[in-house]
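Participant: One structure coming up, written as structure tokens, with questions to follow.
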Amino acid sequence: MSRTIVVGAAQLGPIARADSREVVVARMIALLEKAARRGCDLVVYPELALTTFFPRWFMEDQAEVDAFFETEMPGPATAPLFAKVKELGVAISFGYAEKTVIDGRVRRFNTSIIVDKTGAIVHRYHKVHLPGHTENEPWRAFQHLEKRYFEPGDTFFAPADCLGGKLGMAICNDRRWPETYREHALRGTEMVLIGYNTPYHYPLAPEHDHLQCFHNHLAMQAGAYANGMWVVGVGKAGNEENCVLIGQSCIIAPTGEIVAMASTLGDELVTHDCDLDRCTEIRANIFNFQKHRRPEMYPLLSAPV
Ligand code: CDT
């Protein structure tokens with residue numbers, strides 16, 4: 001039986017702070033309809049896909065912050081997206097700010113989900129590596145307050161059974177960490193879906209600004225190759241509220257090759273037929289973990305620093 005799934009990387013252009021969820025969902029649905037016409041089984045959208053990237057602003061009023069969070073999924077604004085998934089029979093993955101209550105405590109996560117072809121949420125991931133800072137740092141051209149608005153994720157880098165394969169997620173900064181991919185691979189993940197919001201300008205080391213696109217692909221291609229799995233990296237791109245975000249959303253084969261890539265900084269869909277059995281090309285050979293991996297020689301890899 002073929003284990004090829006047709007994947008669409010659905011890059012989103014900028015989302016203004018004033019844009020409503022309804023406006024964004026309509027854009028996502030337009031991409032989903034295009035993906036269905038191209039025969040896609042799965043469409044992947046960026047991190048925090050429903051709103052502007054709000055951690056770039058320092059806010060002290062929790063009500064103002066909470067306006068960017070979803071308390072139910074699907075909610076009134078996202079229900080049409082789930083309905084379209086069901087109507088078209090195309091699975092999706094997207095990120096959003098999640099506010100939830102667990103054991104009587106309010107929790108806020110930078111979340112990503114996989115919704116299967118029936119419109120059911122089959123996998124949920126809470127971002128593990130939260131970049132940025134917690135306090136206002138006015139010297140920056142823009143803030144990056146993920147550490148203020150979210151708590152660190154409590155979900156492992158693990159896959160769910162979906163579309164006949166093992167699909168997992170990571171979110172933006174996670175993609176820079178080799179551990180993300182290796183942990184996924186050790187748990188059997190065959191395809192990692194990664195949404196991102198990455199500015200060209202990195203206030204802590206502006207001398208690296210020109211390397212942002214290079215580092216984006218470098219990390220994801222290395223992760224794909226060294227672990228023999230598909231990687232789908234999808235950005236929010238373009239000039240969003242005077243913060244320019246990189247694009248180059250892409251699909252990467254288990255060999256580390258980019259097989260499809262967006263060429264604009266706007267809403268754009270790129271697709272590829274992804275054969276999940278191609279993971280074996282790497283996993284049965286150069287990175288055969290059972291044969292060649294030496295975990296007893298890497299004890300510090302999971303030890304706290
Ligand atoms: N969203 C996100 O994680 N962005 C970071 C920006 C750099 S850290 C301030 C990233 O790793 O792309």
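Yes/no per residue for (1) open to solvent by less than 10 Å² (accessible area, probe 1.4 Å); (2) within 11 Å of ALA9 (Cβ to Cβ); (3) in contact with a strand residue (DSSP E or B) (Cβ under 9 Å, 6 or more places away or on another chain):
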residue: ALA224; (1), (2), (3): yes, no, yes
residue: GLY228; (1), (2), (3): yes, no, no
residue: VAL232; (1), (2), (3): yes, yes, yes
residue: LYS236; (1), (2), (3): yes, no, yes
residue: ASN242; (1), (2), (3): no, no, no
residue: ALA253; (1), (2), (3): yes, no, yes
residue: ALA262; (1), (2), (3): yes, yes, yes
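Participant: Keeping to the stretch 161-179, report how many residues are under 15 Å from the mean Cα position of the chain (by Cα) and more than 10 Å from the ligand (Cβ to nearest atom). Show your work before the answer.
Facilitator: Filtering the stretch 161-179 down to residues under 15 Å from the mean Cα position of the chain (by Cα) leaves 167-177.
Now narrow it down to the ones that are more than 10 Å from the ligand (Cβ to nearest atom): 167-170.
Within the stretch 161-179, residues that are under 15 Å from the mean Cα position of the chain (by Cα) and more than 10 Å from the ligand (Cβ to nearest atom) number 4.
Participant: Against the condition at negative phi and either part of a helix (DSSP H, G or I) or away from the ligand (no atom under 16 Å from the Cβ) (or both), how does HIS201 come out, does it pass? Spell out the reasoning first.
Facilitator: Numbers: at negative phi: yes; either part of a helix (DSSP H, G or I) or away from the ligand (no atom under 16 Å from the Cβ) (or both): no.
Taking the combined requirement at face value, the residue does not satisfy it.
Participant: Test of understanding: among LEU211, LEU186, which residue is over 17 Å from the mean Cα position of the chain (by Cα) and within 21 Å of SER302 (Cβ to Cβ)? Please lay out each step first, then the result.
Facilitator: On the way: LEU211 fails: within 21 Å of SER302 (Cβ to Cβ).
Residue meeting the stated conditions: LEU186.
Participant: Let me ask something additional. Condition first: touching a Gly at 6+ places or on another chain (Cβ under 7 Å), part of a helix (DSSP H, G or I) and closer than 25 Å to ILE114 by Cβ. Can you find one or more residues in the stretch 260-279 that meet it?
Facilitator: Scanning the stretch 260-279, I find at least one residue that is touching a Gly at 6+ places or on another chain (Cβ under 7 Å), part of a helix (DSSP H, G or I) and closer than 25 Å to ILE114 by Cβ, so the answer is yes.
Participant: If I ask for residues that are part of a loop (DSSP other than H, G, I, E, B), more than 12 Å from the ligand (Cβ to nearest atom) and without any contact (Cβ under 8 Å) to a residue 60 or more places away in the chain, which ones from the stretch 180-198 would you list? Talk me through it step by step, then tell me what you get.
Facilitator: Of the residues in the stretch 180-198, the ones part of a loop (DSSP other than H, G, I, E, B) are 187-190, 197-198.
Add one more test, that the residue is more than 12 Å from the ligand (Cβ to nearest atom), and what stays is 187-190.
Of everything in the stretch 180-198, those that are part of a loop (DSSP other than H, G, I, E, B), more than 12 Å from the ligand (Cβ to nearest atom) and without any contact (Cβ under 8 Å) to a residue 60 or more places away in the chain turn out to be ARG187, GLY188, THR189.
Participant: For the stretch 32-149, list the helices (runs of 4 or more DSSP H) that sit wholly inside it and hold at least 1 residues that are touching a strand residue (DSSP E or B) at 6+ places or on another chain (Cβ under 6 Å), away from the ligand (no atom under 16 Å from the Cβ) and closer than 18 Å to ILE5 by Cα; which are they?
Facilitator: Working: elements: 62-66, 79-88, 146-149.
In the stretch 32-149, 79-88 are the helices (runs of 4 or more DSSP H) which contain 1 or more residues that are touching a strand residue (DSSP E or B) at 6+ places or on another chain (Cβ under 6 Å), away from the ligand (no atom under 16 Å from the Cβ) and closer than 18 Å to ILE5 by Cα.
Participant: Could you list, in sequence order, the residues of the stretch 85-128 that are acidic (Asp, Glu), under 23 Å from ALA30 (Cβ atoms) and open to solvent by less than 50 Å² (accessible area, probe 1.4 Å)? Spell out how you get there, then give the answer.
Facilitator: Quick first cut of the stretch 85-128, residues acidic (Asp, Glu) only: 87, 98, 103, 116.
With the extra rule that they be under 23 Å from ALA30 (Cβ atoms), the set shrinks to 87, 116.
The one that is acidic (Asp, Glu), under 23 Å from ALA30 (Cβ atoms) and open to solvent by less than 50 Å² (accessible area, probe 1.4 Å): ASP116.
Participant: I would also like to ask the following. Please determine whether any residue of the stretch 16-23 is open to solvent by less than 10 Å² (accessible area, probe 1.4 Å), out of contact with any helix residue (DSSP H, G or I) (no Cβ under 7 Å at 6 or more places or on another chain) and either at pLDDT below 95 or not in a strand (DSSP E or B) (or both).
Facilitator: Within the stretch 16-23, the subset open to solvent by less than 10 Å² (accessible area, probe 1.4 Å) is none.
Within the stretch 16-23, none of the residues are open to solvent by less than 10 Å² (accessible area, probe 1.4 Å), out of contact with any helix residue (DSSP H, G or I) (no Cβ under 7 Å at 6 or more places or on another chain) and either at pLDDT below 95 or not in a strand (DSSP E or B) (or both).
The values are calculated or read from the model by the stated rules, or taken from the named source; none is laboratory data. Just so we're clear, the structure is a prediction, and the values are computed from it rather than from any experiment. Using ideal geometry, Cβ is built from the backbone for each residue, glycine included, and neighbour counts are taken over all protein chains shown. Calculation scope for accessible area: heavy atoms of the full protein, side chains included, ligands and nucleic acids excluded. Shrake-Rupley method; radii C 1.70, N 1.55, O 1.52, S 1.80 Å.
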